[in-house]
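**Student:** Below: one structure in structure tokens.
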Amino acid sequence: MTWFELGVKSIPNFLVAIVVVIAFVLLAKLARRVFLKTTSRYMHGSLRDLFATIIKFSIIVCGLFIALGVLNLDKTVTSLLAGVGVIGLALGFAFQDIAANFVSGIMIAVKQPFRVGDIIEINDNHGYVKKIGLRTTKIRTFQGIEILIPNKDLFTNALKNYTDTKERRIDLACGVSYGDDLEKVAKVVEQALMDIPGRIQDRDPQVMFYEFGGSSINFNARIWIEFNKQFDYTKAKHDVIIAIKKALDANDIAIPFPIRTLDFDIKGGENLVTPLSAALDQMKSAH
């Protein structure tokens, strides 16, 4: 049998194979549309698109294999499957990071440790989540810079999500001079913090001294505030600084400047005026 005769004999099978492919392509589009419509309410957008694409191409591939079977190309189907396996293994080794980011993106979409609009911090990157993709997540910093972070980093590293809770604590370090009454300082600062806008009323402010500094005794002023957006935290911290400064000034409590003491082989704390005066007197008597 010549090639021409074989081709003519295969025309019916070829037409049937074309019909099969077209039917499966249409079925794949319909299945994708139905899947997207039925899962739009309870599945993450990126994850929904991924599964819809997988379903679509899986149906098309099945149609191609059936079409090849109609054409009596069973050996070709076997060769294709073997080739796909080898290629998939090679690509897996070549694109390990991409695959890791892809899988991490799926896990993020399923577990949802954060959502679009949340305030997160990872590896010193701090900002709003703008877009969650299957390979990277885009965040926008408070300075307006957009950063793409690989999903693998988001899934494997420590992640802070500031939007999960509606409360945040402000810790503000400050210092007072060694000559001030520390108990009075604590009362004055605590009272000043009582009227901060947005303060959670059932959590009283705290003032905790923690060290003897080089020129001051240092303390932390702590206050809990209601948190809905980053501006709430920034504005409250601004109000805390102003309130503490006004309260200390009103009560004649000093916030000292850094001080350096020069000790010329004299015991620390000894007045240098007397030794210097004696040295000057000796110089005068020598002349």
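The values are calculated or read from the model by the stated rules, or taken from the named source; none is laboratory data. Nothing here was measured: the structure is a model prediction, and the numbers come from that model. A quick note on method: Cβ atoms are made from the backbone with ideal geometry, for glycine too, and the neighbour counts reach across all protein chains shown.
**Student:** If Cys174 meets every condition in (1) under 30 Å from Asp118 (Cβ atoms); (2) at pLDDT 90 or above apart from one, which number is that one?
**Tutor:** The single condition Cys174 does not satisfy is (1).
**Student:** For the stretch 139-161, give me each residue that is touching an Asp or Glu at 6+ places or on another chain (Cβ under 8 Å), closer than 12 Å to Gly105 by Cβ and assigned to a strand (DSSP E or B).
**Tutor:** Pro150 - this is the single residue of the stretch 139-161 that is touching an Asp or Glu at 6+ places or on another chain (Cβ under 8 Å), closer than 12 Å to Gly105 by Cβ and assigned to a strand (DSSP E or B).
**Student:** Could you check how many residues of the stretch 149-171 are touching a Gly at 6+ places or on another chain (Cβ under 7 Å) and either among the small types (Gly, Ala, Ser) or modelled with pLDDT of 90 or more (or both)?
**Tutor:** Selection size over the stretch 149-171: 0.
**Student:** Another question, then. If you go through the stretch 229-279, how many residues are modelled with pLDDT of 60 or more, farther than 28 Å from Phe219 by Cβ and hydrophobic (A, V, I, L, M, F, W, C)?
**Tutor:** 1
**Student:** Shifting gears a bit: Here is a list of conditions, (1) within 37 Å of the chain's Cα centre (by Cα); (2) surrounded by 11 or more Cβ atoms within 10 Å (Cβ to Cβ); (3) at pLDDT 75 or above, and Val61 meets all of them except one; can you say which number that is?
**Tutor:** With (1) within 37 Å of the chain's Cα centre (by Cα); (2) surrounded by 11 or more Cβ atoms within 10 Å (Cβ to Cβ); (3) at pLDDT 75 or above applied to Val61, the lone miss is (1).
**Student:** To continue, here is another question. Do the conditions hold for Lys131, that is, is it of a type in the set (D, E, K, R), at pLDDT 85 or above and within 18 Å of Tyr162 (Cβ to Cβ)?
**Tutor:** Details: of a type in the set (D, E, K, R): yes; at pLDDT 85 or above: yes; within 18 Å of Tyr162 (Cβ to Cβ): no.
Against the criterion (of a type in the set (D, E, K, R), at pLDDT 85 or above and within 18 Å of Tyr162 (Cβ to Cβ)), Lys131 does not qualify.
**Student:** Would you say Asp164 is surrounded by fewer than 17 Cβ atoms within 10 Å (Cβ to Cβ) and outside any strand (DSSP E or B)?
**Tutor:** Here the answer is yes, as Asp164 does meet what is asked.
**Student:** Check whether at least one residue in the stretch 6-15 is surrounded by 12 or more Cβ atoms within 10 Å (Cβ to Cβ), in the same structural domain as Gly69 (by TED's automatic domain parsing), in a helix (DSSP H, G or I) and modelled with pLDDT of 75 or more, and report yes or no.
**Tutor:** Yes: the stretch 6-15 contains one or more residues that are surrounded by 12 or more Cβ atoms within 10 Å (Cβ to Cβ), in the same structural domain as Gly69 (by TED's automatic domain parsing), in a helix (DSSP H, G or I) and modelled with pLDDT of 75 or more.
**Student:** Being more than 23 Å from Lys229 (Cα to Cα) and either among the hydroxyl-bearing types (Ser, Thr, Tyr) or without any contact (Cβ under 8 Å) to a residue 12 or more places away in the chain (or both) narrows it down to one residue among Thr156, Thr137; which is it?
**Tutor:** Thr156
**Student:** Additional query: Would the stretch 224-241 turn up any residue that is farther than 27 Å from Gln143 by Cα, surrounded by fewer than 17 Cβ atoms within 10 Å (Cβ to Cβ), of a type outside the set (S, T, N, Q) and more than 26 Å from the chain's Cα centre (by Cα)?
**Tutor:** No, because not a single residue in the stretch 224-241 is farther than 27 Å from Gln143 by Cα, surrounded by fewer than 17 Cβ atoms within 10 Å (Cβ to Cβ), of a type outside the set (S, T, N, Q) and more than 26 Å from the chain's Cα centre (by Cα).
**Student:** Moving on. Read through the list (1) crowded, with 18+ Cβ neighbours inside 10 Å; (2) more than 26 Å from Asp239 (Cα to Cα); (3) within 10 Å of the chain's Cα centre (by Cα), then give the number of the only condition that Ile120 fails.
**Tutor:** Failed condition: (2).
**Student:** Could you list, in sequence order, the residues of the stretch 179-207 that are assigned to a loop (DSSP other than H, G, I, E, B), buried (at least 17 other Cβ atoms within 10 Å of the Cβ) and more than 32 Å from the chain's Cα centre (by Cα)?
**Tutor:** Asp180
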